[in-house]
Amino acid sequence: GENGTGKDVAETYGPWMVRNGLAQDGLRIADTHTPRNVLNYLDEHTRTEEPVFGHEHFKRLEPSADDVGKVIAGARSVYLFRNTETAIWRGIAGLKQQHDIVLLWEIAIDACTPKERPRIEELLAIADAFSLNLEEAALIFRTSDVDRLTSALQTLPVATVFLRAGRRGSFVVTRNDIAFVPSLAVEPVDV
């Protein structure tokens with residue numbers, strides 16, 4: 001299917017991208033509107049996201065592995081924010097074989113279920129690092145106990161897991177170690 005951004009990107013995200021030195025040459029115009037979400041924070045750890053133009057619009061404009069493949073040359077790493085959908089992962093696995101990249105996967109909340117755990121573990125064999133927050137980990141492992149979560153994360157087939165704990169910081173979990181890295185106390189400029 002078609003993937004990309006909207007014709008309104010110059011007015012929506014364009015100024016922010018320019019201000020932050022982000023390249024726009026990999027963007028492909030595929031719709032009138034750029035996908036945007038409304039975030040509703042229920043508490044420090046929990047939020048909902050609702051696509052402004054609907055779920056179908058958001059899904060249709062998600063980047064594909066082909067989109068990534070067009071801009072990956074020379075990259076050292078890829079940050080992938082996705083669920084466990086087969087099509088994207090088949091393509092990303094192929095790109096990882098072709099290019100010497102480090103792959104960081106941040107899981108999408110729709111894949112955070114105990115039922116998806118075997119598939120998550122299968123895909124982690126492709127990734128180099130995994131990022132999820134406390135809420136997402138609790139959904140997958142059916143516990144909100146941090147010690148139990150970090151122990152469970154140590155068993156995953158990936159070199160490094162980043163368990164984000166909101167404003168407090170993050171746990172960095174490897175097979176042999178668990179470390180907590182507190183957040184720096186700063187005034188947010190652009191959340």
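The values are calculated or read from the model by the stated rules, or taken from the named source; none is laboratory data. Source: prediction; values computed, not measured. Every residue, glycine among them, receives a Cβ derived from its backbone with ideal geometry; neighbour counts consider all protein chains shown. Heads up: the accessible areas ignore ligands, DNA and RNA and are worked out on the full protein's heavy atoms, side chains in. Shrake-Rupley method; radii C 1.70, N 1.55, O 1.52, S 1.80 Å.
Remarks
- Where residue 37 falls short, out of the listed (1) open to solvent by less than 70 Å² (accessible area, probe 1.4 Å); (2) more than 30 Å from residue 139 (Cα to Cα): (2)
- Verdict on residue 149 being closer than 14 Å to residue 117 by Cα and open to solvent by less than 30 Å² (accessible area, probe 1.4 Å): yes
- Lone unmet requirement of (1) in contact with a Phe, Trp or Tyr (Cβ under 9 Å, 6 or more places away or on another chain); (2) within 20 Å of residue 161 (Cα to Cα) for residue 65: (2)
- Selection of first residues in the range 96-118 that are closer than 17 Å to residue 143 by Cα and among the charged types (D, E, K, R) and of second residues that are assigned to a helix (DSSP H, G or I) and at pLDDT 95 or above, restricted to Cβ pairs under 7 Å at least 6 apart or on distinct chains, gives the following pairs, ordered by first then second residue: 117/140.
- Any hit, the range 19-33, residues being in contact with a strand residue (DSSP E or B) (Cβ under 6 Å, 6 or more places away or on another chain), in contact (Cβ under 8 Å) with a residue 40 or more places away in the chain and either over 29 Å from residue 167 (Cβ atoms) or not in a loop (DSSP other than H, G, I, E, B) (or both): no
- Residue in the range 128-137 that is in a helix (DSSP H, G or I), open to solvent by 40 Å² or more (accessible area, probe 1.4 Å), more than 19 Å from residue 102 (Cβ to Cβ) and at pLDDT below 95 present: yes
- Output for the range 84-100, where each listed residue is surrounded by 17 or more Cβ atoms within 10 Å (Cβ to Cβ) and either closer than 23 Å to residue 163 by Cα or under 14 Å from the mean Cα position of the chain (by Cα) (or both): 84, 88, 89, 92
- Residue check for residue 8: outside any loop (DSSP other than H, G, I, E, B), among the charged types (D, E, K, R) and farther than 30 Å from residue 168 by Cα: yes
- Residue within the range 45-60 that is part of a strand (DSSP E or B), in contact with a Ser or Thr (Cβ under 7 Å, 6 or more places away or on another chain) and open to solvent by 30 Å² or more (accessible area, probe 1.4 Å) present: no
- Residue 123 assigned to a helix (DSSP H, G or I), without any contact (Cβ under 8 Å) to a residue 24 or more places away in the chain and surrounded by 18 or more Cβ atoms within 10 Å (Cβ to Cβ): no
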